[in-house]
Amino acid sequence: MSLANKSNTQTLAKYLQLEQNGKIQAEYVWIDGNSGLRSKTTTLDFKPSNISELKEWNFDGSSTNQAPGDNSDVLLRPAAIFKDPFRGGDNIIVLAECYNNDGTPNRTNHRHSCAKLMETHAESHPWFGIEQEYTLFDLDGQVLGWPKGGFPGPQGPYYCSVGANVSFGRDIVEAHYRACLYAGVTISGVNAEVMPGQWEFQVGPCEGIDMGDHLWIARYLLHRVAEDFGVVVSFHPKPIKGDWNGAGCHTNFSTQAMREENGIKAIYDAIDKMGKRHAEHIAVYGEDNDQRLTGRHETGHISQFSFGVANRGASIRIPRHCAAEGKGYLEDRRPASNIDPYRVTHVIVESSLA
Amino acid sequence: MTMSISNKSNTETLSKYLNLDQGGKVQAEYIWIDGDSGLRAKTKTLDKKPDDVSQLPEWNFDGSSTNQAPGDNSDVLLRPSALFKDPFRGGDNLLVLCECYNNDGTPNKTNYRHSCAKLMETYNDAHPWFGIEQEYTLFDLEGNVLGWPKGGFPGPQGPYYCSVGANVAFGRDIVEAHYRACLYAGVTISGVNAEVMPGQWEFQVGPCEGIDMGDHLWMARFLLQRVAEDFGVVVSFHPKPIKGDWNGAGCHTNYSTHAMREEGGLKAIHDAIDKMSHRHAEHIAVYGEDNDLRLTGNHETGHISQFSFGVANRGASIRIPRHVNAEGKGYLEDRRPASNIDPYRVTHVIVETTLA
């Protein structure tokens, strides 16, 4: 393994233990023009107690497909603060929104309109939980743990598995879980997935705009943790063609009405409304999702809207315990692993509440 | 052999993350037995540390991925049964052994704990104690027994049992790490030893009363597989992993009741053996798949078709330890169970036969 590609923990540690003389490092993180993540750091003279104390910053948007070269400054407006698990101490990670010079939201800044919609519907208390699936790759471009130039045994033994021949990359999963807990991301669990080298973590329940914020930061932390181990994360929804599961972002949703007694009626109402806007939802449910939503591998076909209790082959699944208790939440199984959670939470609230 | 990074833990890098503060949250790893008698697990964040198992929420999982439910009705319920400390995550983090239930409230197909627990409750006053000697074999990631020469065999059995030395003991790291992990977790591990076949080891769990035997053995198996994963090594519980003049792997089950442990208990021991002799087939039925490959009458086993017993006789179905015979009280050792048993089924049938 080349030195460049894996953290030299011991050597780095002696530097990370050095006194910072009261200065704080703030890592500004943003979404780029291709829905990837970017970041850069600035030194602060103080520890901020809330987000309004953080400066607006800017970056070269022509390097990230966000602006033309002759007018390339893109503004970074702090949106949410998290603790930094890599630098520790009082250092912070700052999730930022991108704005153009004329004050308009940058092209891939979907947080702006999402935040407004969530504000409008704040009294419904929309809660979300997203199950982010992802695949790990080694630096040679092979799925982590797969034999060179070949395939592992067929799916069956890998889901929630334990054992060196079935579970690949647990270090990254464990490190990421702790990094999220430390940072203040609402990570609610993890599990190994059906395809070997594929994993899932869940973020939530988060209300309103928090869902998008926490999921994006969780993704940033995952990329950054995996980098330490010399491993690459892919959020592509169908990384390997053939009889191998795709990767999704099943989105669990409820409003206060759904969570109360007899909320099941509100659940069915929402499903009915969402059923009439299948195309509008699919449009923001991820690029290349057609490769994943085939009707096989625990998915419903991309062209058809369906729903059912405990049915993992449907577009929307009502968990059995919700049907039994007459209240709870619904699970939209259509979103792919590469969604922008601001767009998904936006369209769900728009369809079911607006 | 170059080990892919995916297959062995990068301990140093992981540890800087494992040292991070969890903000009061607790990680609870829910563990269950799947449709093929393997182990599965997934984790849930709790807002605080529970005082006992009754405070843990029920959960569910996709049973269609583990041979436990069909795809169109796939939710299987996880009901917490026993708590252990988590030796991998440390702190207040927990391992939660669970029972699986179907949506109609019935125990899932491979949930043998449900009926075992009922039976143990019924015969509580007899105070049935168990000790199981779990044998297992270690394999590398290429499918060879750990330490064996590539494409070949080591020297014949003889020097390996309880051995010491790099040319005869293969995988001691895993054994040592597992022993400590069990002690930390609260599993009643009573000992370890290297076994007769090179690359084969044994640990013993017990004495455990009633339902605890199954709980502690399953948890010990989870810990073993998880520990071995860290080292890039695979555990097999198959009863005859290598054909030929190589020992199989068993789960010798030691058993006693209050009556057997008291003065004159030898009579109760012989009574129990007599009852078990009349139900040999019923016992063999739950004593492990492929056990016929192991119980051949050779390699310190009795033939699968015959029931026999004897003092200090390792070729019998049931062995009465010599000191037990001498003292006139103690326990019996059922040598028939294979390494791949479900301990709930074995402890169930033993109690059913001897006490019901």
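Bear in mind that the values in this text are calculations on the coordinates, not laboratory data. Bear in mind that the values here come from a model prediction, so they are computed numbers and not experimental data. When we count neighbours, we look across all protein chains shown, and the Cβ atoms used for this are built from the backbone with ideal geometry, even at glycine.
A few comments on the model shown:
- Here residue A:148 and residue B:150 are evaluated by their C-beta separation; at R0 = 25 Å the FRET efficiency comes out at 0.90.
- Remark: relative contact order (the stretch A:206-354) = 31 percent; criterion is Cα-Cα distance under 8 angstrom and separation of 6 or more residues.
- When every Cα-Cα distance of the stretch A:4-132 is counted in 10 angstrom steps from zero, the calculated P(r) takes the values 11, 33, 33, 20, 4, 0 percent.
- For chain B, alpha-carbon Rg over 2.2 N^0.38 Å: 1.02
- Projecting the Cα atoms of A:284, A:345, A:306 onto the charge dipole of the stretch A:276-354 (Cβ charges, centred on the Cα centre) puts A:306 farthest toward the positive pole.
- Spacing of the two label points (7 Å from each Cα toward its C-beta) at residue B:281 and residue A:306, in nm: 4.6
- Fewest-first ranking of A:158, B:179, using other Cβ atoms within 10 Å as the exposure measure: B:179, A:158
- By the helix-only formula, in which each DSSP H run with n ≥ 4 contributes -39500 (n - 2.57) and the sum is divided by residues, chain A has a 222 nm mean residue ellipticity of -8000 deg cm²/dmol.
- The aspartates and glutamates within cross-link reach of residue B:150, meaning a Cα-to-Cα straight distance under 18 Å and a gap of 8 or more places when in the same chain, are B:140, B:142.
- The distance separating the Cα centre of the stretch B:61-91 from that of the stretch A:132-192 comes to 18 Å.
- Amide H within-cut-off set for residue B:318, under 5 Å, with H built and near neighbours excluded: B:308, B:309, B:310, B:335
- Förster radius 22 Å - calculated FRET efficiency between residue B:293 and residue B:114, Cβ distance, rounded to 0.05: 0.15
- Peptide B:59-66, shielding by other chains (average Cβ, 10 Å cutoff): 5
- For chain A, built as a Gaussian network whose Cα springs stay under 10 Å, the top-fluctuating residue of A:95, A:215, A:44: A:44
- Cβ neighbours within 10 Å from other chains - mean over A:166-179: 6
- Each of B:283, B:114, B:216 was scored by other Cβ atoms within 10 Å of its Cβ. Arranged with the fewest first, they read B:114, B:283, B:216.
- Computed as a quarter of the hull surface, the mean projected area of the alpha carbon convex hull for the protein assembly as shown stands at 34.0 nm².
- One way to sum up the overall shape of the stretch B:214-356 is the equivalent ellipsoid from its Cα gyration tensor, whose semi-axes run 27, 18, 14 Å, largest first.
- Amide H contacts of residue B:81 (H built 1.01 Å from N, in plane; Pro and chain starts excluded): B:97, B:98, B:99 sit under 5 Å, all sequence-distant by 5 or more or on other chains.
- Rounded to the nearest 20, the size of the Cβ-charge dipole of the protein assembly as shown about its Cα centre is 640 debye, with Lys and Arg at +1 and Asp and Glu at -1.
- Each residue of the stretch A:319-332 was assigned a 3J(HN,Hα) from its phi angle through the Karplus curve 6.51 cos²θ - 1.76 cosθ + 1.60 (θ = phi - 60°); the sequence is x, 4, 5, 6, 4, 5, 7, x, 6, x, 8, 10, 10, 8 Hz, with glycine and proline shown as x.
- Label-point gap, in nm, between residue B:51 and residue A:18 - each point 7 angstrom along Cα→Cβ: 5.0
- Set of lysines with alpha-carbon distance to residue B:44 below 20 Å, sequence-local pairs under 8 removed: B:25, B:85
- Mean-position separation - Cα centroids, the stretch A:329-345 and the stretch A:242-280, in angstrom: 10
- Taking a ≥ b ≥ c as the square roots of the eigenvalues of the Cα gyration tensor, the stretch B:5-71 is oblate, since a/c reaches 1.5 or more and a/b is not larger than b/c.
- Which of A:220, A:177 has the fewest Cβ neighbours within 10 Å, and the rest in rising order: A:220, A:177
- Shape of the stretch B:242-294, Cα gyration tensor, a/c cut at 1.5: prolate
- Inverse of mean 1/r across different Cα pairs in the stretch A:254-334, Kirkwood, Å: 12.9
- Out-of-range pairs (alpha-carbon distance over 22 Å; input A:6/A:40; A:241/B:8; A:327/B:49; A:148/B:42; A:238/B:16): A:241/B:8; A:327/B:49; A:148/B:42; A:238/B:16
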